Amino acid sequence: MQVEQRVRELVEEKIADREDLFIVRIKMQSNGVLSILVDGDQGLAIEDCAQISRHVGYHLEEENVLDQAYRLEVSSPGIDYPLELLRQYHKNVGRQVRVTLQDGSKHEGTLLAASDTAVQLTEKVKEKGKKARDEEREIPFTDIKETKVLISFK
């Protein structure tokens, strides 16, 4: 069985009673780091990370899943981590985001909604000599290369 698949099963087992938590990514890196990214609709507590780490670590050792040294890292995706799942988009509705398209162009605005096929945002459009106005834009997921939440220190 592939390591990442077994780890996914272990994490799902641990968070089964927590509908607010979800797996973002599990990756076994070539440098021996086993990275587990979990998020929550209202964020993720350090204690949640610790419990997942203990559960996964215990079972990996008991089942001898990995035959090489590894380092287990359980965390939530940082603010600089791009959104990957539709659930992450829903969690960030109302926040400022930067959407980078496949062609390299970028759009910044307030995330209004996300569906299975597209995101909707409001961005400020400034035309020369005119006052800036809000414009709603729908961007299909197929056009999106990356979406990041913007941090405001205002």
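Exactly one condition in (1) surrounded by 12 or more Cβ atoms within 10 Å (Cβ to Cβ); (2) part of a loop (DSSP other than H, G, I, E, B) is false for D17; which is it?
With respect to (1) surrounded by 12 or more Cβ atoms within 10 Å (Cβ to Cβ); (2) part of a loop (DSSP other than H, G, I, E, B), D17 is out only on (1).
Taking only segment 130-143 into account, find how many residues are farther than 15 Å from D103 by Cβ, under 31 Å from the mean Cα position of the chain (by Cα) and open to solvent by 100 Å² or more (accessible area, probe 1.4 Å).
The number of residues fulfilling the criteria is 3.
Which residues, taken from segment 109-143, are in contact with a Pro (Cβ under 8 Å, 6 or more places away or on another chain) and assigned to a loop (DSSP other than H, G, I, E, B)?
The one that is in contact with a Pro (Cβ under 8 Å, 6 or more places away or on another chain) and assigned to a loop (DSSP other than H, G, I, E, B): T117.
Just one of the numbered conditions (1) out of contact with any His (no Cβ under 8 Å at 6 or more places or on another chain); (2) open to solvent by less than 30 Å² (accessible area, probe 1.4 Å); (3) under 15 Å from V65 (Cα atoms) is not true of L10; which one?
Failing condition for L10: (1).
Any idea how many residues of segment 49-72 are without any contact (Cβ under 8 Å) to a residue 60 or more places away in the chain and over 20 Å from A16 (Cα atoms)?
Taking segment 49-72 and keeping what is without any contact (Cβ under 8 Å) to a residue 60 or more places away in the chain, we get 49-64, 67-72.
Then drop every residue that is not over 20 Å from A16 (Cα atoms), which leaves 61-64, 67-72.
Looking only at that region, the number is 10.
Can you pull out every residue in segment 113-129 that is modelled with pLDDT of 95 or more, open to solvent by less than 70 Å² (accessible area, probe 1.4 Å) and not small (G, A, S)?
Once the filter is applied, which keeps residues that are modelled with pLDDT of 95 or more, open to solvent by less than 70 Å² (accessible area, probe 1.4 Å) and not small (G, A, S), segment 113-129 yields V119, Q120, L121, T122.
Consider segment 94-107. How many of its residues are open to solvent by 90 Å² or more (accessible area, probe 1.4 Å) and part of a strand (DSSP E or B)?
Going through segment 94-107 one residue at a time, the tally reaches 1.
Looking only at segment 24-48, filter to residues that are among the hydrophobic types (A, V, I, L, M, F, W, C) and in contact (Cβ under 8 Å) with a residue 24 or more places away in the chain; which one of those is surrounded by the fewest Cβ atoms within 10 Å (Cβ to Cβ)? Show your work before the answer.
Going through segment 24-48, the residues among the hydrophobic types (A, V, I, L, M, F, W, C) turn out to be 24, 26, 28, 33-34, 36-38, 44-46.
Then drop every residue that is not in contact (Cβ under 8 Å) with a residue 24 or more places away in the chain, which leaves 24, 28, 33-34, 36-38, 44.
On the way: V24: 18, M28: 15, V33: 12, L34: 21, I36: 22, L37: 20, V38: 22, L44: 21.
The selected residue is V33.
Please work out which residue is farthest from G78 (Cα to Cα), limiting yourself to segment 144-154 and to residues that are in a strand (DSSP E or B) and open to solvent by 50 Å² or more (accessible area, probe 1.4 Å).
K145
Suppose we keep only residues that are in a loop (DSSP other than H, G, I, E, B) and in contact with a Phe, Trp or Tyr (Cβ under 8 Å, 6 or more places away or on another chain) within segment 49-87. Which one would you say is surrounded by the most Cβ atoms within 10 Å (Cβ to Cβ)?
Among them, the one singled out is L83.
For segment 84-100, does any single residue satisfy the condition of being closer than 24 Å to D20 by Cα, free of Cβ contacts under 8 Å to residues at least 40 places away in the same chain and of a type in the set (G, A, S)?
The answer is yes; a qualifying residue exists.
The values are calculated or read from the model by the stated rules, or taken from the named source; none is laboratory data. A quick note: this is a predicted structure, and the numbers were derived from the prediction, not measured. Positions of Cβ are backbone-derived with ideal geometry, glycine not excepted, and every protein chain shown enters the neighbour counts. All accessible areas refer to the heavy atoms of the entire protein, side chains included, with ligands and DNA or RNA removed. Shrake-Rupley method; radii C 1.70, N 1.55, O 1.52, S 1.80 Å.
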